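J.: Pasting a structure below so you can have a look.
The values are calculated or read from the model by the stated rules, or taken from the named source; none is laboratory data. Owing to the predicted nature of the structure, the values given are computational and were not obtained by experimental measurement. Heads up, the Cβs are rebuilt from the backbone with ideal geometry, glycines too, and the neighbour counts pull from every protein chain shown. Calculation scope for accessible area: heavy atoms of the full protein, side chains included, ligands and nucleic acids excluded. Shrake-Rupley method; radii C 1.70, N 1.55, O 1.52, S 1.80 Å.
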Amino acid sequence: MKKLLVCIALVLVSLSRCVESQLQVGFYKDSCGLAEFIIKDEVRKAFVKDRGLAAGLVRMHFHDCFVRGCEGSVLIDSTPSNTAEKDSPANNPSLRGFEVIDNAKARLEAMCKGVVSCADIVAFAARDSVEITGGFGYDVPAGRRDGRVSLASETQTNLPPPSFNVDQLTQMFTNKGFTQEEMVTLSGAHTIGRSHCTSFSNRLYSFNTTVNQDPSLDPTYATMLKQQCPQGSNPNLVVSMDPPSPNMMDTSYYQGIVANRGLFTSDQTLLTNSATANQVTQNARNPFIWKNNFAAAMVKMGKIGVLTGSAGEIRVNCRVING
Ligand code: HEM
């Protein structure tokens, strides 16, 4: 009887591991040994040409994973009968780096046809981008397969808008299996990259019915932002999200929040709750701790809703579902 119970327990443990994640570090070791190297090489080449692409690729992985899981749906092009995720306001015109994925995919298809999924390429490229901008590198469990559906409408309910407050952000991240602490950790990605003026101009010009400018925004910073983003200006204008070090994975994002220089409401709101405020202050002082936590949270994000085994497909062209 005792032996039987031990056996059942062992089976349950291995089953739960199996359900938890079927991804594996080194997944392409035998099937396409140079896969990770080639992707890193493409990220490096792109970064040399345009350093902002690293930020684009980190955000791409986030936007892929939060909508239908990390299955490459963010890469699919719209068709006459379907508006895809990439053409929703959350992604168009802001999401960038698609060509980096295309270039890596082309080389991988030439070398090991039909083996490396687009979803994995995005996950590896995000890791390489974190690393190249000064964050900690981390092992990426792989073996994701590509989805066959991409709907613009699904971005609205799954991606947080920059107007969200801390409770709304916490709820949205909880829906994806994250703690509030992990939400604060992941928000630190805004230490690199840029934003279109349109994503925060309400904080400068039309905050609410009583004041035009968000009173929680440092007035000197607001003046600077108004110069960069004049009212009613070209919607293509962009600013750095972390002006002191726009291409560095450091904790200056958190230092900015402490100084009331968070760019979005969703950044500055982290100071309005005692637990998140505490974490913001800790992260501002401890780059090592934040970088470590960030790497772990990225690995966790990369496991959301993945397709493995025989589910989905390995897309030939990341922009088009296989015929
Ligand atoms: C917490 C909720 C979040 C909100 C509300 C949010 C919102 C935004 C917005 C509005 C932009 C600017 C888009 C533009 O106008 O060009 C942006 C940029 C960015 N976001 Fe987030 N984001 C969030 C979380 C995250 C997470 C979890 C990551 C990654 C782990 C991330 C990575 C980035 C990066 C790297 C950029 C810069 C992209 C570039 O330079 O191309 N964000 N985010």
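J.: Are there any pairs with C-beta distances below 7 angstrom linking a residue in region 160-189 that is more than 9 Å from the ligand (Cβ to nearest atom) to a residue that is open to solvent by less than 20 Å² (accessible area, probe 1.4 Å) and polar (S, T, N, Q), with the two at least 6 apart or on different chains, and if so which?
T.: Cβ pairs passing all conditions: Asn165/Thr269; Val166/Thr269; Val166/Thr276; Gln180/Thr276.
J.: Got at least one residue in region 202-212 being modelled with pLDDT of 95 or more and within 25 Å of the chain's Cα centre (by Cα)?
T.: First, the residues of region 202-212 that are modelled with pLDDT of 95 or more: 202-212.
In the following step, the residues that additionally are within 25 Å of the chain's Cα centre (by Cα) were identified as 202-203.
Checking region 202-212: at least one residue is modelled with pLDDT of 95 or more and within 25 Å of the chain's Cα centre (by Cα).
J.: Being outside any loop (DSSP other than H, G, I, E, B), in contact with a Phe, Trp or Tyr (Cβ under 8 Å, 6 or more places away or on another chain) and either farther than 22 Å from Asn247 by Cβ or basic (Lys, Arg) (or both), is that true of even one residue in region 52-70?
T.: no
J.: Inside region 127-148, can you point out the residues that are within 26 Å of Ala311 (Cβ to Cβ), outside any loop (DSSP other than H, G, I, E, B) and small (Gly, Ala, Ser)?
T.: Hit for region 127-148 is Ala142, nothing else.
J.: OK, next. Being of a type in the set (Val, Ile, Thr) and at pLDDT below 95 is the filter here; which residues of region 286-323 pass it?
T.: Scanning region 286-323 gives no hits.
J.: Determine if region 45-52 includes at least one residue that is surrounded by 21 or more Cβ atoms within 10 Å (Cβ to Cβ) and among the aromatic types (Phe, Trp, Tyr).
T.: no
J.: Please work out which residue is nearest to the ligand (Cβ to nearest atom), limiting yourself to region 80-117 and to residues that are without any contact (Cβ under 8 Å) to a residue 24 or more places away in the chain and either of a type in the set (Lys, Arg) or open to solvent by less than 70 Å² (accessible area, probe 1.4 Å) (or both).
T.: Going through the qualifying residues, I end up with Ala106.
J.: Sticking with this one: Somewhere in region 13-23, is a residue modelled with pLDDT of 95 or more and surrounded by 13 or more Cβ atoms within 10 Å (Cβ to Cβ)?
T.: yes
J.: Could you list all residues from region 278-307 that are more than 12 Å from the ligand (Cβ to nearest atom) and open to solvent by less than 20 Å² (accessible area, probe 1.4 Å)?
T.: Once the filter is applied, which keeps residues that are more than 12 Å from the ligand (Cβ to nearest atom) and open to solvent by less than 20 Å² (accessible area, probe 1.4 Å), region 278-307 yields Val280, Asn283, Ala284, Trp290.
J.: Hey, among the residues in region 201-223 that are touching a helix residue (DSSP H, G or I) at 6+ places or on another chain (Cβ under 8 Å) and not hydroxyl-bearing (Ser, Thr, Tyr), which one's most open to solvent (accessible area, probe 1.4 Å)?
T.: Asn212
J.: Related question: Assigned to a loop (DSSP other than H, G, I, E, B), among the basic types (Lys, Arg) and at pLDDT 95 or above - does that describe any residue in region 276-285? So that I can check it myself, show each step before the final result.
T.: Pass one, region 276-285, residues assigned to a loop (DSSP other than H, G, I, E, B): none.
No: zero hits.
J.: With the checklist (1) away from the ligand (no atom under 11 Å from the Cβ); (2) open to solvent by 50 Å² or more (accessible area, probe 1.4 Å); (3) out of contact with any Leu (no Cβ under 9 Å at 6 or more places or on another chain); (4) assigned to a helix (DSSP H, G or I) in hand, flag the one item Phe124 doesn't pass.
T.: (2)
J.: In this structure, does Thr174 turn out to be at pLDDT 95 or above, surrounded by fewer than 16 Cβ atoms within 10 Å (Cβ to Cβ) and hydroxyl-bearing (Ser, Thr, Tyr)? Even if it seems obvious, please write down each step before you answer.
T.: Values: at pLDDT 95 or above: yes; surrounded by fewer than 16 Cβ atoms within 10 Å (Cβ to Cβ): yes; hydroxyl-bearing (Ser, Thr, Tyr): yes.
The answer is yes for Thr174.
J.: Here is a further query. In this structure, is Gly262 in a helix (DSSP H, G or I), open to solvent by less than 60 Å² (accessible area, probe 1.4 Å) and of a type in the set (Gly, Ala, Ser)?
T.: No, not satisfied.
J.: Answer yes or no as to whether Pro215 is away from the ligand (no atom under 12 Å from the Cβ) and either in a loop (DSSP other than H, G, I, E, B) or modelled with pLDDT under 95 (or both).
T.: Here the answer is yes, as Pro215 does meet what is asked.
J.: So which of Gln228, Gln255, Gln268 is away from the ligand (no atom under 16 Å from the Cβ), touching a residue at least 24 places away in the same chain (Cβ under 8 Å) and polar (S, T, N, Q)?
T.: Numbers: Gln228 fails: away from the ligand (no atom under 16 Å from the Cβ); Gln268 fails: away from the ligand (no atom under 16 Å from the Cβ).
After ruling out the rest, the residue left standing is Gln255.
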